[in-house]
Each structure stands twice: as C-alpha cells, then as structure tokens.
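Okay, so here's the structure we're looking at.
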Amino acid sequence: MFDTYHLFLTGAMLDQANRAKGEAEAILSKSQATAEGIRMVSESMRAEGSAEAAKLRIAEQYITAFAALAKNVRYFKFHFPDS
C-alpha cells in the first residue's frame, strides 16, 4: 500500500530522474553542436586562403585579449622568444 509519504518519495524520484534526463539531453545536444562546428571549421579550412584567414583571426583575438589585459594590469614584462 502506498501512503502519502511513499507517493511523495516516488514523485521526488521521478522528478530527479526527469531532471537528470534533461541534463543528459542538454549535454548531448551541446556536444553534437560542438562536433558540427568543428566539422564546419575543418571543412572550411580546406578552401584556398583559409589558413591565412585563420592566422589573421587568431592574431585579432590575441590583440583583443592583450588589450583587455592591458586595461587591468599596471605593469607589463615583455618576453620575446629567440627565434
């Protein structure tokens, strides 16, 4: 026989299972979207001039990150590798 307490526990367990299922579906969806994005980048990198475009984009991101760092730091020590 199920009393109110057992019905409450059953409901709580179902709620927990549904939340876990939702979280698992969200993780799967995010990983599928990430995989699709990687596939698209990989495909586009095969095009002519794509390597140069990628290098330019990385340089832009580096400069943006460096500028953000410069706003928050008073002292910089530059190190230039011997190359």
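Set side by side, the residues Ala47, Ala65 differ, and just one is of a type in the set (A, V, I, L, M), out of contact with any Asp or Glu (no Cβ under 8 Å at 6 or more places or on another chain) and in a loop (DSSP other than H, G, I, E, B), which is Ala47. Figure legend. Inter-residue proximity from region 67-82: first residues free of Cβ contacts under 8 Å to residues at least 40 places away in the same chain, second residues assigned to a loop (DSSP other than H, G, I, E, B) and exposed (fewer than 10 other Cβ atoms within 10 Å of the Cβ), beta-carbon distance below 8 Å, spacing 6+ or different chains. Indicated pairs: Ala70/Phe76.
Kindly check whether there is at least one residue in region 6-24 that is of a type outside the set (D, E, K, R) and not in a helix (DSSP H, G or I).
Keep residues of region 6-24 that are of a type outside the set (D, E, K, R), which gives 6-14, 16-18, 20, 22, 24.
In the following step, the residues that additionally are not in a helix (DSSP H, G or I) were identified as none.
No - not one qualifying residue is present in region 6-24.
Across region 35-83, the number of residues qualifying as of a type outside the set (A, V, I, L, M, F, W, C) and either surrounded by 10 or more Cβ atoms within 10 Å (Cβ to Cβ) or at pLDDT 85 or above (or both) comes to 17.
The values are calculated or read from the model by the stated rules, or taken from the named source; none is laboratory data. Everything quoted here is computed from the prediction, not taken from an experiment. Please note: Cβ atoms are built from the backbone with ideal geometry, for glycine as well, and neighbour counts cover all protein chains shown.
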